[in-house]
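The structure appears right after this line, and notes come after that.
The values are calculated or read from the model by the stated rules, or taken from the named source; none is laboratory data. Quick caveat: nothing in here was measured; it's all calculated off a predicted structure. Don't worry about glycine lacking a Cβ; one is built from the backbone with ideal geometry, like all the others, and counts go over all protein chains shown. To get the accessible areas, we keep the full protein, side chains included, count just its heavy atoms, and leave off ligands, DNA and RNA. Shrake-Rupley method; radii C 1.70, N 1.55, O 1.52, S 1.80 Å.
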Amino acid sequence: MPEALPWATFLPEADIDTLISELVATASGAVALDDLAPIALLLTQWRHSAEVYADPALLAILTRDHEGDLGPVPAPGTAE
């Protein structure tokens with residue numbers, strides 16, 4: 001795994017197990033469709049997760065508990 005996906009080093013061990021399971025399932029489905037794009041998408045998504053784990057400041061921002069209401073959210077298609 002480290003040779004094929006070196007960025008996976010930054011993922012927690014439980015997430016590596018999930019990545020492998022999802023990769024096997026996605027590869028099976030992709031081959032059945034004769035379309036490898038779903039595999040590329042899955043690996044891109046996991047790589048972004050690894051980038052978050054590799055950056056302690058970003059990980060802290062994305063995993064901290066938020067207190068209270070974070071404010072109003074505009075309806076889609078409306079100006080803020």
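Observations on the structure shown:
- Cα convex hull, the stretch 41-80: 126 Å³ per residue, rounded to a whole number.
- The dipole here belongs to the chain: it is taken about the Cα centre, uses +1 on the Cβ of Lys and Arg and -1 on the Cβ of Asp and Glu, and is about 120 debye.
- Protein-only accessible surface order, largest first, of S21, S49 at 1.4 Å: S21, S49
- FRET efficiency for L70 and I20, using Cβ-Cβ distance with R0 set to 35 Å, rounded to 0.05: 0.50
- Charge dipole of the chain about the Cα centre (unit charges at C-beta), most positive-ward option of A14, L42, G71: L42
- Dividing the mean sequence gap of close Cα pairs (under 8 Å, 6+ apart) by how many residues the chain holds gives a relative contact order of 28 percent.
- Scattering curve values for the chain, log₁₀ I(q)/I(0), Debye with Cα scatterers, q = 0.13, 0.16 Å⁻¹: -0.61, -0.77
- Compared with the alpha-carbon gap, the fully stretched path from V31 to T44 is longer by 2.9 nm at 0.36 nm per residue.
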